[in-house]
Amino acid sequence: MKIYIYIEGAGDEDDTELLLRPRPGFRSGIRSGKETTTGLRPGFIKFFQELYDIAGENINIFIVMCGSRRDAYEDFKTALESQPEAFNVLLIDAESPVDCTVTPWEHLRNRTDDHPWILDAVNFEDNQCHLMVQTMEAWFIADIDALKEFYGEGFREDGILQGMARYNSLEEVSKATLKVWLEAATRRTDKRKYHKTNHAPKLLELLDVAKVRQASPYCVHRRCWRSHRLFITLTATMATSAS
């Protein structure tokens with residue numbers, strides 16, 4: 001069995017090779033000129049290590065970083081047509097608060113900012129669409145120890161902790177607020193303030209997955225967007241394949 005997870009986010013040459021067709025506009029995570037960056041795939045592989053351990057030798061899991069959310073969706077649709085024998089999954093940011101009474105596909109179709117490209121997502125299986133928190137920065141906030149390890153001396157967590165006291169869950173915190181918290185907490189470090197392109201790949205590798213999953217609790221009806229849902233879905237899919 002093969003499982004492909006098409007993810008919104010920066011990639012590199014290895015991701016380009018995994019795409020099923022050349023896609024104009026794909027921007028590699030490795031830039032020409034004065035700055036070189038790393039794609040997010042190594043970090044996601046580490047984040048999903050538990051799934052790789054379950055998969056063993058008989059199931060292959062492929063992480064594909066696709067760039068923009070629209071590109072991730074288009075690559076997912078292409079995969080459904082080109083490799084129907086595989087279990088193809090789309091994983092993108094929720095971008096806005098999610099109502100647990102709707103499916104992930106419904107959430108995306110309800111977002112006018114995702115129109116018109118998402119409107120044809122009407123006949124796909126619910127278990128093939130998974131939404132991260134509003135933005136990846138919420139995962140980083142869920143593991144303060146990882147932030148401390150990465151940024152070192154000068155990192156100030158007080159603002160983050162005070163901000164979180166005003167919310168019931170990280171899932172309620174907006175994208176803009178998360179960015180403000182991270183930039184304020186890191187501006188006095190040697191790495192200066194948080195920079196997603198430069199810092200996110202390494203931070204993703206440092207995350208304690210258990211902390212992230214605990215911060216993104218799983219809804220019992222399995223329709224909600226929290227990170228734990230993807231682990232449950234893929235574990236069940238692999239178990240079915242092995243039986």
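Every number here is computed from the coordinates shown, using simple stated rules; none is lab data. Everything numeric here is computed off the predicted structure, so don't read it as measured data. Reconstructed Cβ throughout: ideal geometry from the backbone, glycine too, with neighbour counts over all protein chains shown.
Sequence gap at least 6, Cα distance under 8 Å: using those rules, report the relative contact order of the stretch 137-211 to the nearest whole percent. Present the calculation step by step, with values, prior to reporting the outcome.
On the way: 77 pairs, mean separation 32.3, N = 75.
Taking the mean separation of contacting Cα pairs over the length of the stretch 137-211, I get 43 percent.
Over the Cα atoms of the stretch 137-211, what is the Rg over Rh ratio if Rh follows Kirkwood? All intermediate terms of the calculation are to be shown ahead of the outcome.
Values: Rg = 11.3 Å, Rh = 12.3 Å.
That ratio is 0.92, to two decimals.
Among the trypsin sites (Lys or Arg not before Pro) within the stretch 134-167, which fall in a DSSP loop and have no more than 11 other Cβ atoms within 10 Å of their own Cβ?
Working: sites: 148, 156, 166; in loops: 156, 166.
For trypsin sites (Lys or Arg not before Pro) across the stretch 134-167 that sit outside H, G, I, E and B with at most 11 neighbouring Cβ atoms in 10 Å, the list reads 166.
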Projected-area average for the stretch 106-164 over all orientations - Cα convex hull basis, square nanometres: 6.1
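Hey, fewest Cβ within 10 Å first, where do 100, 129 land in order?
Working: 100 13, 129 23.
By the 10 Å Cβ count, ascending, the order reads 100, 129.
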Footprinting exposure proxy for 82, 174, 243 (fewest neighbouring C-beta atoms within 10 Å first): 243, 82, 174
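Show me the GluC sites (Glu not before Pro) within the stretch 49-80 that DSSP assigns to loop and that have at most 16 other Cβ atoms within 10 Å of their Cβ.
Details: sites: 50, 57, 74; in loops: 57.
Those satisfying the criteria are 57.
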